[in-house]
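The values are calculated or read from the model by the stated rules, or taken from the named source; none is laboratory data. None of these values were measured; they are calculated from a predicted model. For neighbour counting, all protein chains shown are included, and Cβ atoms are generated from backbone atoms with ideal geometry for every residue, glycine included.
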Amino acid sequence: MDKLTQYTSMFNHFDGNADGKISPSELQQCVQAVGGELRLAEAEAVVELLDSDGDGFLDFDDFVRFIEGGGEEEKVNDLKEAFKMYEMDGSGCITPKSLKRMLSRLGESKSVDQCTLMIAQFDLNGDGVLNFDEFRTMML
C-alpha cells in the first residue's frame, strides 16, 4: 500500500462524519488512536496553524502536512506563528491573560487562575509567563 492510499484511508477513518474535513475533535481522536496525547485546545491550535483555507478544519492536504510533520525548520516556524497568536501586545511571552483570551477564541473557557496553573506546568524559569523556548517545550 503506497503512502497516498494509507493517508486516504487514515483520513477517511478519522473523518467521523464523512464531510471531507477533520475537525479539532476528530484530530484529537486521531492522535489518541495512535497512542499519542493531544488536548482539545492543542488540536484546535494545530488546526488553526495548518488550515490552508481558513474554514476551521483540515482538508486532506492539510491532514497530510500534519502527518508528515514537515521539516524541523518548518515546525519551528509553525510554532513561532502559534506563539504569536497566544502572546499579548508583542511582549515576547504568553501571560495568563493572553492564554485565557486565546483559549476563549478557541471556545474553551478558562479562568485567569486556571491559565496561571497551566503556564506554571511549563514555566521553566519561574517568571509566571511562557517565553518561546518554554512554549516549544510544551508543544513538542
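Observations, loosely collected:
- When segment 40-52 is limited to residues that are of a type in the set (A, V, I, L, M, F, W, C) and touching a residue at least 60 places away in the same chain (Cβ under 8 Å), the one that is surrounded by the fewest Cβ atoms within 10 Å (Cβ to Cβ) turns out to be Leu40.
- Members of segment 84-109 found to be under 17 Å from the mean Cα position of the chain (by Cα) and not hydrophobic (A, V, I, L, M, F, W, C), listed by number: Lys84, Tyr86, Glu87, Ser98, Lys100, Arg101, Ser104, Arg105, Gly107, Glu108, Ser109
- Residue in segment 98-111 that is nearest to Glu48 (Cα to Cα), counting only those that are surrounded by 12 or more Cβ atoms within 10 Å (Cβ to Cβ) and either at pLDDT 90 or above or in contact with a helix residue (DSSP H, G or I) (Cβ under 8 Å, 6 or more places away or on another chain) (or both): Leu106
- Screening segment 15-65 for residues that are among the charged types (D, E, K, R), within 16 Å of the chain's Cα centre (by Cα) and assigned to a helix (DSSP H, G or I) and picking the one that is farthest from Met102 (Cα to Cα) gives Arg65.
- For the residues Asp127, Asp89, the requirement of being loosely packed, with under 12 Cβ neighbours inside 10 Å and at positive phi singles out Asp89.
- So Phe11, is it farther than 19 Å from Cys115 by Cβ, buried (at least 19 other Cβ atoms within 10 Å of the Cβ) and not assigned by TED's automatic domain parsing to the domain that holds Leu124: yes
- Considering the conditions (1) more than 19 Å from Met139 (Cβ to Cβ); (2) surrounded by 12 or more Cβ atoms within 10 Å (Cβ to Cβ); (3) in contact (Cβ under 8 Å) with a residue 24 or more places away in the chain, Asp55 is excluded by exactly one of them, (2).
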